[in-house]
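The structure appears right after this line, and notes come after that.
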Amino acid sequence: MKTTDKIIQLLKLHGPLTAKTLAEELALTTMGVRQHLQALEDAGDVDIEDRVEGRGRPTRYWGLTEQSRSHFADRHEELTVQLIDSVKMIFGDQGLDKLIDYREQSALVQYRAAMKGATDIPTRLAILAKLRSNEGYVATMEQVDGVYFLLENHCPICAAATKCLNFCRSELQLFQQLFADIAVVSREEHIIEGARRCAYKIEAIPH
């Protein structure tokens, strides 16, 4: 295990620690540990807190940030798949469809509110790309020969979508509703089908 990983593990187990304490735990020099801590701080995995403990200068403690969670196993995908199976078992396919429809309608209300006043494709699409990125889709927009594209480079619901393709159907329908008055939306690339990303084409309705 790398030294930085060991530091992250210790901070996870004990909460914020000083460089001196970490050095003792890892049998390293305090200077050496500080270099590793600096690298972790630069990467956004740790931050510092200066605590006043008696007289003299404050003592510097290093603690984990929210971002550091990415270093630990996350079983939310497994839980999501289990929940989908449970909904299907208890409420049937119809119950699962109702759940997906509710998710779609909630997103539609939220997205439409964010897009209020946006009447053209590029403005609306820029807002959508930002909303989707905030949800973890790493979304960008592109324009090629007058045609716009929404590119989603990551799918945070991939496990759920693989288990139930209706999630993907619902997201396409959501985008189609958002642009219904000005454009036709189609999915050109699909992560579930082995593509590197999901790509949606937004083509202006001819007047």
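The values are calculated or read from the model by the stated rules, or taken from the named source; none is laboratory data. This is a predicted model, so every value here is computed, not measured. Note that each Cβ is placed from the backbone with ideal geometry, even for glycine, and that neighbours are counted across all protein chains shown. Surface areas here come from the heavy atoms of the whole protein model, side chains and all, with no ligands, DNA or RNA. Shrake-Rupley method; radii C 1.70, N 1.55, O 1.52, S 1.80 Å.
Every test in (1) open to solvent by less than 20 Å² (accessible area, probe 1.4 Å); (2) closer than 21 Å to Arg196 by Cβ; (3) in contact with a Lys or Arg (Cβ under 6 Å, 6 or more places away or on another chain) is passed by Leu172 save one, and that test is (1).
Among what's in the range 66-99 and is among the polar types (S, T, N, Q) and at pLDDT below 90, pick the residue that is nearest to Gln9 (Cα to Cα). Here the answer is Ser68. Filtering Ala39, Ala27, Ala43 for residues that are farther than 30 Å from Ile100 by Cα, in contact with a helix residue (DSSP H, G or I) (Cβ under 7 Å, 6 or more places away or on another chain) and among the aliphatic types (A, V, I, L, M) leaves a single hit, Ala39. Does Glu66 satisfy being in contact with a Leu (Cβ under 6 Å, 6 or more places away or on another chain) and charged (D, E, K, R)? No: the conditions fail for Glu66.
Within the range 100-130, being at pLDDT 95 or above and among the basic types (Lys, Arg) holds for Arg112, Lys116, Arg124, Lys130. Here Glu24, Glu78, Glu53, Glu49 are screened, and the one residue that is under 30 Å from Thr4 (Cα atoms), open to solvent by 70 Å² or more (accessible area, probe 1.4 Å) and in contact (Cβ under 8 Å) with a residue 60 or more places away in the chain is Glu78. Evaluation of Thr4 against the conditions (1) open to solvent by 80 Å² or more (accessible area, probe 1.4 Å); (2) under 17 Å from Phe72 (Cα atoms); (3) among the polar types (S, T, N, Q) shows that the sole unmet condition is (1). Inside the range 101-136, can you point out the residues that are more than 15 Å from Gln176 (Cβ to Cβ) and in contact (Cβ under 8 Å) with a residue 60 or more places away in the chain? Scanning the range 101-136 gives Arg103, Thr119, Asp120.
Considering only residues of the range 132-155 that are of a type in the set (A, V, I, L, M) and surrounded by 13 or more Cβ atoms within 10 Å (Cβ to Cβ), which is farthest from Glu171 (Cα to Cα)? If you could, list the steps in order and put the result at the bottom.
First, pick out the residues of the range 132-155 that are of a type in the set (A, V, I, L, M): 138-139, 141, 144, 147, 150-151.
With the extra rule that they be surrounded by 13 or more Cβ atoms within 10 Å (Cβ to Cβ), the set shrinks to 138-139, 141, 147, 150-151.
Values: Val138: 15, Ala139: 14, Met141: 17, Val147: 20, Leu150: 12, Leu151: 13 Å.
Across the range 132-155, the extreme among qualifying residues is Val147.
Of all residues assigned to the range 32-42, none qualifies as being open to solvent by less than 90 Å² (accessible area, probe 1.4 Å), on the phi > 0 side of the Ramachandran plot, out of contact with any His (no Cβ under 6 Å at 6 or more places or on another chain) and not hydroxyl-bearing (Ser, Thr, Tyr). Just so you know, in the range 101-123 the residues that are among the small types (Gly, Ala, Ser) and out of contact with any helix residue (DSSP H, G or I) (no Cβ under 8 Å at 6 or more places or on another chain) include one that is surrounded by the most Cβ atoms within 10 Å (Cβ to Cβ), and it is Ser106.
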